[in-house]
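Reading through the structure tokens given below for one structure.
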Amino acid sequence: MVLRVGQRVPEFALPDPEKKERKLSEFIQKGNVVIAFFPFAFSPTCDREMCIFRDDMLKFNARQANVIGISVDSAYALKVYAQTYNIQYTLLSDFNKKVSRAFDVLQDPWTDMGYKGVSKRAVFVLDRKGILRYRWVTDVPSEEPPYDEVLESLRKLN
């Protein structure tokens, strides 16, 4: 099922790099939420994307937004990834691909490499009630999200 703008996003829980289960509702209680699905930690486009989110945290904070990065990498890999790139926002492991499926962003196969079950690059913006207000998904792994559009969607919520 494709999530559509205006729909409530279903609750989910995934482990963070410390293996603590984190629920979506915990982030919604704190403000708007940006969910950024990315294919793989330690790949060039993903590294650039996650570091842009890191470097723009003041802009996201000004818009009362929590950023969550989700990939199918293990919690162990995401811990090293966060340490390597000094990522302070939350990363979550969708190793079992449950949330990627729920958001309809699971790509199988992934590119010509034949990998099975990798998250597409996608960004979802939720308001404080958990309603989807912005959706961007690409089938092209090297394509980065339109960061200005993401920020503009948050500005409209405040």
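The values are calculated or read from the model by the stated rules, or taken from the named source; none is laboratory data. This is a predicted model, so every value here is computed, not measured. Reconstructed Cβ throughout: ideal geometry from the backbone, glycine too, with neighbour counts over all protein chains shown. For accessibility, only protein heavy atoms count, side chains too; no ligands or nucleic acids. Shrake-Rupley method; radii C 1.70, N 1.55, O 1.52, S 1.80 Å.
For this structure, a couple of remarks:
- Scanning the stretch 127-158 for residues being farther than 17 Å from Arg4 by Cβ and part of a loop (DSSP other than H, G, I, E, B) gives a total of 10.
- If the condition is being small (Gly, Ala, Ser) and open to solvent by 100 Å² or more (accessible area, probe 1.4 Å), then the stretch 1-24 contributes no residue at all.
- Restricting attention to the stretch 74-129 and to residues that are touching a helix residue (DSSP H, G or I) at 6+ places or on another chain (Cβ under 7 Å) and among the hydroxyl-bearing types (Ser, Thr, Tyr), the residue that is surrounded by the fewest Cβ atoms within 10 Å (Cβ to Cβ) turns out to be Tyr85.
- Selection status of Glu49, closer than 26 Å to Lys30 by Cα, touching a Pro at 6+ places or on another chain (Cβ under 9 Å) and of a type in the set (Asp, Glu): yes
- Only one entry of Leu78, Leu92 meets the criterion of being part of a strand (DSSP E or B) and in contact (Cβ under 8 Å) with a residue 12 or more places away in the chain, and that entry is Leu92.
- Highlighted here would be strands (runs of 3 or more DSSP E) found entirely within the stretch 1-54 that include at least 1 residues which are closer than 16 Å to Phe124 by Cβ, under 12 Å from the mean Cα position of the chain (by Cα) and free of Cβ contacts under 8 Å to residues at least 40 places away in the same chain, but there are none.
- Restricting the stretch 130-145 to residues that are open to solvent by less than 40 Å² (accessible area, probe 1.4 Å), touching a Phe, Trp or Tyr at 6+ places or on another chain (Cβ under 9 Å) and not hydroxyl-bearing (Ser, Thr, Tyr), the residue that is farthest from Ile28 (Cα to Cα) is Pro141.
- Taking (1) more than 18 Å from Gly117 (Cβ to Cβ); (2) assigned to a strand (DSSP E or B) in turn, Ile70 satisfies each apart from (1).
- Residue-level analysis places Ala62 outside the set of residues that are in contact with an Asp or Glu (Cβ under 6 Å, 6 or more places away or on another chain), free of Cβ contacts under 8 Å to residues at least 24 places away in the same chain and either more than 20 Å from Ser142 (Cα to Cα) or surrounded by fewer than 19 Cβ atoms within 10 Å (Cβ to Cβ) (or both).
- When the stretch 106-127 is limited to residues that are at pLDDT 95 or above and more than 11 Å from the chain's Cα centre (by Cα), the one that is farthest from Phe42 (Cα to Cα) turns out to be Asp127.
- Any hit, the stretch 32-54, residues being at negative phi, open to solvent by 30 Å² or more (accessible area, probe 1.4 Å) and touching a Leu at 6+ places or on another chain (Cβ under 7 Å): no
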